[in-house]
Structure formats: C-alpha cells, structure tokens
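Here is the structure we will look at, set down as structure tokens.
The values are calculated or read from the model by the stated rules, or taken from the named source; none is laboratory data. For clarity, every value in this text was computed on a predicted model and none was experimentally measured. Methodologically, a virtual Cβ is constructed for each residue, glycine included, from the backbone with ideal geometry; neighbour enumeration extends over all protein chains shown.
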C-alpha cells in the first residue's frame, strides 16, 4: 500500500474522505506493470490516447512517454494497442 | 440539587397526537413523510401545524417511504434537525435507507407505530416491523403509553444528535392500543422543550484537506459523505457505529434523568423499567403497552403473596445487557414475551437476547418464551395470569417443559 491505513479510532466517522482523491493511489490495485522498450517506441502516442486512467504522461520536451505508477491500474490496454509491441506487461 | 418540576398542562391526546405535539415543540427543521395506517395521524396533525404557521418546518410530501427517509437523510446531512414517521410496510420499504442513514451518522428521529407485516394484510399491532430492523444501526426505544411516547420523542432528538452518538433513533409505539387511544398526556410549555432540545450541535471533523470543519454538507467547507468504501475501510466505519452504540446507554440514561428532573417522570433508568422486581422469584419481560396490563397482573399476584415482578425493556438497541443481568440475577423463573416471531428460529428475538444475556449468570434462571399478540391479537390479563401460573410451576419443578410457546392462538 502506498499510504498507511488508518484504524477506526483515527478515521473520521460516516465514511468521510480523509484525504483528497488525488492522494488515493489506485496504482495499488495493479498486478501487472507496463514497461517500455524505448528502442521500439515511435512516439505515436496511441497508448497515451487509449489509457483509461490518463496514467501515461507525454513529455514533448523530452520526446518521451512515462507511466504514472501511482495511478496505472495495470489494465494492459497500452500494451495491447501498441503497434510496435514496445510495451510489455510484467508481473510485479 | 434543587428539583425543578415544570408546570405542565394535561391534554387529551392519542399516541400519534402526542408524538406530533412533541415534534411541534422540538424545533424540527425538516419533516418528510408518507402516510401509513396507523401512523397517519402523526403526519396529518403535523401538516396542520405547518399549514397554520405554528412551526417553522420544511414539510416535504414524498411519493414513498423510501423517498421520505432519503429526504430526511439528505436534510440531516446538511446539519438540520429532521423527523419522519412510519410503520409496517412503510418501514420495510425504508429498509435500504435505514442502513444508509445510520452509516452516514445522520441523527434522524423517527416514530414507528408498530404494525404487523403483510400477508395477510393486517393493520394492527405487533413488533415484526421494527424487530426486522433491529440490526440497521438505529437506536430503538419502545414506549408503554402515550405519555411516554411524547416524552421519548423529545428525548430522542437529544440522544440521536449527541456529538458522541450521532445515531438515528426510532421511538416505537403500539398500533391502536396507543396510536388511536385517547389518554391524558401532560405536556410541557413550548419554551421548556425548546430549551431542553436546544439547537443541533455539529461536531468538528477533519476534512480531506486536513482542516477542522463542521460535520455537515456545507459548500463553504466541502466534505464527501458516504463514498465507495471497500474491504480496505468499510469494516472500520462499521466498527465506529458499534462504538457509538456502546457509548449510547450512558447518554440515554443521562438525558432521561435530565428530562425527569424537569417533568418528574421517569421510566426506570431510561433503558429498562423494572416493576416490583427487587425480591421477585418469577418475572415476565416485555416491550411496549403490554407492560401496562402485566403491571396490573403483578399487583393482583402480589396481593395474594406471590413474589411476581415485571421487566419492561425500554431500549432494545443498544441492548441493555448489563442492566438486565443486574435486575434479573436473583429471579428464578422468567418468561420472555415476544410480540413478533422469527420463523424457524428457536423463539422470538427478545427471548434470544435475554436468554443469551443470562447465560453467564451463575444462578442460571429458568427461562421460557411466549410469542403472543401477532396481528393485534389481544393480550388480556387472563393470558398473562396463565404465564405467571406456568412460571410458578417452573419454580416448583425447576424444569421448563417447553421453552418456546405460542399463547393466545387457537389450536
């Protein structure tokens, strides 16, 4: 887990959110992790467009894509859609 | 401490009217309700107060009980004082939202006029409706007469809204026996009730931004209530509800006592109401209006020298296990009277919990269960006498022949 889980004595009552959703890292759910072979990547950005969690970041200044592992749930759509087979799903 | 007994006015009210009058005096912000016999009079009377401008309450007419409670829950979440009333099928239709209300820790107060569940359709009293909701996380208070209905509704706002509790609260009164029967009810002056209930206290909680904010839906200080809560946190939030229930008995007693100082009326210690139990050998246990009849029977038996007593449970949730143990540990034979039945179970729900509570008592009293009065079947003195007669037999033989029995039903 990315953050320590609180006990019932520390939590606010009624299921009230105790941290903003941007700090709730859904990357915790992942089983398989995408990895990029930069040699094969042509920067076509099909993965970037298809990612349902906007967990792929495109950095034009570096001409690089990066995975945001805090939010990537490991669905594997990027790996499936990549025409160059530059993305591999690896068991964590 | 000086006792302050307020000047009270005697009014002729039935149980429903007594509830409506208590709500009128309790400075309620929102009432949303749907009519169902025998609760209808509560909402009818209250809508008259709204129409006549006697109360400053937003009255929401809704299309069902599911909507009624949903509206109350939503209004309560914004920090308002809310009330609704129902019974029988209406309460059953609220089932889903009962859990949402307690889970959101919304201190809604609801009067339940106990009525049998269909089928066959029946509008008369038994406790099947509220017993089916005993696990919903609501405080449950059963009353014996219309006076107590009035008193308990006023107390219920203080109990539910107490910052250490924040649990919705149901006040149960028996259909027709109480709801439609005229009684003389002593009512307090408006200003004294207003002072007793006060305004709803909103505790501060830590928001998702780490800031201390009022525990309510407020655009200035946004919070998220009742979001998705999976295996990682749901259990913790349920554990908190149990913690609030564990804290409730002390507060119920305190609030009941504080109210008693104003009115001079007390119902036992607020959780249980024992009657001539101190030296009793045999006793019955019941909820609601049956206790009135049973008290008369106890008096008749006492006059003949029989050491008989009665225990009425006023609070059923939280279940006052310690208090019950204390008053029953020296009683030798006990009959638990259930006005509802769990089909296929080993006796009725009150029997389950009382018998289970007394398991650890070293004196091991003999316990028998009587399921009675389903669908409004009368429970006259003669039948209660029969129960005490059976208890005397159990006392002599030290043996319970048949632990679960049905009384008042034709073979």
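Which one of these does residue B:240 not meet: (1) within 14 Å of chain A (Cβ to nearest Cβ); (2) buried (at least 17 other Cβ atoms within 10 Å of the Cβ); (3) within 21 Å of the chain's Cα centre (by Cα)?
(3)
I'd like to verify a number: residues in the stretch B:321-341 that are closer than 24 Å to residue B:373 by Cα and in contact (Cβ under 8 Å) with a residue 60 or more places away in the chain, how many? Give the steps one after another, and end with the answer.
Initial filter on the stretch B:321-341 (closer than 24 Å to residue B:373 by Cα): B:324, B:333-341.
Narrowing the set further to residues that are in contact (Cβ under 8 Å) with a residue 60 or more places away in the chain leaves B:333, B:338-341.
Counting residues in the stretch B:321-341 that are closer than 24 Å to residue B:373 by Cα and in contact (Cβ under 8 Å) with a residue 60 or more places away in the chain gives 5.
Residue by residue through the stretch B:348-360, note down the ones that are in contact with a strand residue (DSSP E or B) (Cβ under 6 Å, 6 or more places away or on another chain) and under 21 Å from residue B:395 (Cα atoms). Can you show your working first?
Just the residues of the stretch B:348-360 that are in contact with a strand residue (DSSP E or B) (Cβ under 6 Å, 6 or more places away or on another chain), to begin with: B:348, B:350-351, B:354-355.
The answer is B:351, B:354, B:355.
Looking at the stretch B:182-190, is at least one residue free of Cβ contacts under 8 Å to residues at least 60 places away in the same chain, more than 30 Å from residue B:293 (Cβ to Cβ) and either surrounded by 15 or more Cβ atoms within 10 Å (Cβ to Cβ) or more than 14 Å from chain A (Cβ to nearest Cβ) (or both)?
Keep residues of the stretch B:182-190 that are free of Cβ contacts under 8 Å to residues at least 60 places away in the same chain, which gives none.
No, the stretch B:182-190 has no match at all.
Would you check if residue A:38 is at positive phi and away from every other protein chain (no Cβ under 14 Å)?
Details: at positive phi: no; away from every other protein chain (no Cβ under 14 Å): yes.
For residue A:38, the condition - at positive phi and away from every other protein chain (no Cβ under 14 Å) - is not met.
Of everything in the stretch B:301-325 that's in contact with a strand residue (DSSP E or B) (Cβ under 9 Å, 6 or more places away or on another chain) and part of a helix (DSSP H, G or I), which residue is surrounded by the fewest Cβ atoms within 10 Å (Cβ to Cβ)? Give the derivation first.
As a first pass, look at the stretch B:301-325 and keep what is in contact with a strand residue (DSSP E or B) (Cβ under 9 Å, 6 or more places away or on another chain): B:301-302, B:306-320, B:323-324.
Next cut, part of a helix (DSSP H, G or I) only: B:301-302, B:323-324.
Details: B:301: 22, B:302: 14, B:323: 21, B:324: 21.
Out of the qualifying residues, it is B:302.
Among the numbered criteria (1) under 26 Å from residue B:72 (Cα atoms); (2) crowded, with 16+ Cβ neighbours inside 10 Å, which one does residue B:260 miss?
(1)
Check A:11, A:16, A:45 and return the single one that is touching a strand residue (DSSP E or B) at 6+ places or on another chain (Cβ under 9 Å) and within 9 Å of chain B (Cβ to nearest Cβ).
Working: A:11 fails: touching a strand residue (DSSP E or B) at 6+ places or on another chain (Cβ under 9 Å); A:45 fails: within 9 Å of chain B (Cβ to nearest Cβ).
Residue meeting the stated conditions: A:16.
Given the criteria buried (at least 18 other Cβ atoms within 10 Å of the Cβ), on the phi > 0 side of the Ramachandran plot, in contact with a helix residue (DSSP H, G or I) (Cβ under 8 Å, 6 or more places away or on another chain) and modelled with pLDDT of 95 or more, does residue B:115 qualify?
On the way: buried (at least 18 other Cβ atoms within 10 Å of the Cβ): yes; on the phi > 0 side of the Ramachandran plot: no; in contact with a helix residue (DSSP H, G or I) (Cβ under 8 Å, 6 or more places away or on another chain): yes; modelled with pLDDT of 95 or more: yes.
Taking the combined requirement at face value, the residue does not satisfy it.
So residue B:274 clears everything in (1) in a helix (DSSP H, G or I); (2) in contact (Cβ under 8 Å) with a residue 24 or more places away in the chain except one condition, right? Which one?
Single failed check for residue B:274: (1).
Output the number of residues of the stretch B:202-221 satisfying the condition of being more than 9 Å from chain A (Cβ to nearest Cβ), loosely packed, with under 12 Cβ neighbours inside 10 Å and either touching a helix residue (DSSP H, G or I) at 6+ places or on another chain (Cβ under 9 Å) or assigned to a loop (DSSP other than H, G, I, E, B) (or both).
Number satisfying all stated conditions: 3.
Find the residue count for the stretch B:222-237, including only residues that are part of a loop (DSSP other than H, G, I, E, B), closer than 18 Å to residue B:103 by Cβ and either more than 8 Å from chain A (Cβ to nearest Cβ) or in contact (Cβ under 8 Å) with a residue 24 or more places away in the chain (or both).
First, pick out the residues of the stretch B:222-237 that are part of a loop (DSSP other than H, G, I, E, B): B:222-233.
Those left that are additionally closer than 18 Å to residue B:103 by Cβ: B:223-233.
Subset that is either more than 8 Å from chain A (Cβ to nearest Cβ) or in contact (Cβ under 8 Å) with a residue 24 or more places away in the chain (or both): B:225-226, B:228, B:230-231.
Count: 5.
When you go through (1) at negative phi; (2) within 23 Å of the chain's Cα centre (by Cα); (3) touching a residue at least 40 places away in the same chain (Cβ under 8 Å) one by one for residue B:347, which number turns out not to apply?
That leaves (1) as the condition not met.
Please determine whether any residue of the stretch A:22-41 is surrounded by 13 or more Cβ atoms within 10 Å (Cβ to Cβ), assigned to a loop (DSSP other than H, G, I, E, B) and touching a helix residue (DSSP H, G or I) at 6+ places or on another chain (Cβ under 6 Å).
Scanning the stretch A:22-41, I find no residue that is surrounded by 13 or more Cβ atoms within 10 Å (Cβ to Cβ), assigned to a loop (DSSP other than H, G, I, E, B) and touching a helix residue (DSSP H, G or I) at 6+ places or on another chain (Cβ under 6 Å), so the answer is no.
With the requirement that a residue be away from chain A (no Cβ under 14 Å), under 30 Å from residue B:203 (Cα atoms) and part of a loop (DSSP other than H, G, I, E, B), what does the stretch B:76-121 give you? Quick ask: steps written out before the conclusion?
We begin by selecting, within the stretch B:76-121, every residue away from chain A (no Cβ under 14 Å); these are B:80-98, B:109-121.
Within this subset, residues satisfying the condition of being under 30 Å from residue B:203 (Cα atoms) are B:80-86, B:91, B:94-98, B:109-112.
Scanning the stretch B:76-121 gives B:80, B:81.
Of the residues that make up the stretch B:69-81, is at least one in contact with a helix residue (DSSP H, G or I) (Cβ under 6 Å, 6 or more places away or on another chain) and surrounded by fewer than 24 Cβ atoms within 10 Å (Cβ to Cβ)? Step through it out loud before you land on a result.
If we filter the stretch B:69-81 for residues that are in contact with a helix residue (DSSP H, G or I) (Cβ under 6 Å, 6 or more places away or on another chain), which is where we start, we get B:69-70, B:73.
Okay, now just the ones that are also surrounded by fewer than 24 Cβ atoms within 10 Å (Cβ to Cβ), so B:70.
Yes, some residue in the stretch B:69-81 is in contact with a helix residue (DSSP H, G or I) (Cβ under 6 Å, 6 or more places away or on another chain) and surrounded by fewer than 24 Cβ atoms within 10 Å (Cβ to Cβ).
Looking at residue B:284, is it under 26 Å from the mean Cα position of the chain (by Cα) and surrounded by fewer than 20 Cβ atoms within 10 Å (Cβ to Cβ)? Let's see the steps before the verdict.
Numbers: under 26 Å from the mean Cα position of the chain (by Cα): yes; surrounded by fewer than 20 Cβ atoms within 10 Å (Cβ to Cβ): no.
No; evaluated as a whole, the condition is false for this residue.
Only residues that are within 30 Å of residue B:98 (Cα to Cα) and within 21 Å of the chain's Cα centre (by Cα): list them for the stretch A:6-47, please. Steps first, answer last, please.
Within the stretch A:6-47, the first condition is being within 30 Å of residue B:98 (Cα to Cα), and the residues that meet it are A:6-21, A:24.
A:19, A:20, A:21, A:24, listed by residue number.
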